[in-house]
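Right, one structure below, let's go through it.
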Amino acid sequence: MDQKKLIESVKKLREELGLGIMEIKAALEQAEGDETKAKQILKEQGFKKAEKRAEKETHQGRVATYTHTTGKIGVMVELLCETDFVAKNEDFVALTKELCLQVAAMDPENPEALLEQEYIKDGSIKIKDMIAALNSKFGENIKLGRICRFEI
């Protein structure tokens, strides 16, 4: 793989995934320049790292709320992390909002059921994959806490 193409691919994947340059470069080299294979390699590495961090305490996080425009559905979601720094990050905040929309639309029975649902905006991704991606990006244990949905 020529150096110019490698640099362009690293930039593209970094913008898309938010991971470290060296991590992306190594995955691209292992995948012989194939971006799709590199993404899969990075995803697998992220899951392995997430498993190692799963025991770390999560005493920080964010509670997000959503009320449907009709005023007849309301949702609260708790997303937990290790540090206040991550809880304030715009990607973390955005994920809590997306989780609220998911709960409003799909009415999961409990947090475990929510994790297994396909994301309403992209059926190729499960909710647990979205959380694992953020986990990998920040290098912190991030997990779904409580969910609550009210409907009149």
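Using a Förster distance of 41 angstrom, determine the FRET efficiency expected from the C-beta separation of Glu109 and Thr36, and round it to 0.05. That gives a FRET efficiency of 0.75. Separation of region 115-152 and region 67-98 by C-alpha centroid, Å? Computed from Cα coordinates, the inter-centre distance equals 11 Å. Counting Lys and Arg as +1 and Asp and Glu as -1, what is the net charge of the other residues whose Cβ lies under 10 Å from the Cβ of Gly74? Charge balance in the 10 Å sphere: +1. Peptides 118-130, 95-107 ranked from most to least packed give 95-107, 118-130, packing being the mean of other C-beta atoms within 10 angstrom over each peptide's residues. For the listed residue pairs Lys97/Lys126; Lys25/Lys143; Lys12/Lys43, the alpha carbons are over 24 angstrom apart in Lys25/Lys143. For log10 I(q)/I(0) by the Debye sum over Cα atoms at q = 0.11, 0.21 Å⁻¹, which listed value, (i) -0.48, -1.27; (ii) -0.54, -1.21; (iii) -0.38, -1.53, comes from the coordinates shown? Correct label is (i).
Taking other Cβ atoms within 10 Å as a rough exposure proxy, Arg62, Arg146, Arg14 sort from fewest to most as Arg146, Arg14, Arg62. Modelled this way, with points 7 Å down the Cα-to-C-beta line, the labels at Glu151 and Glu57 are 3.8 nm from one another.
Taken about its Cα centre, the chain carries a charge dipole of roughly 240 debye when the Cβ of each Lys and Arg holds +1 and the Cβ of each Asp and Glu holds -1. Here the calculated FRET efficiency for Thr83 and Lys43, from their Cβ-Cβ distance with R0 = 25 Å, stands at 0.60, rounded to the nearest 0.05.
The calculated FRET efficiency for Ala94 paired with Ile21, based on their beta-carbon distance and R0 = 25 Å, is about 0.65.
No lab work stands behind these numbers, since they all come straight from the coordinates. Only a predicted model underlies this, so the values are computations on that prediction, with no experimental measurement involved. We place every Cβ from the backbone using ideal geometry, glycine too, and count neighbours over all the protein chains shown.
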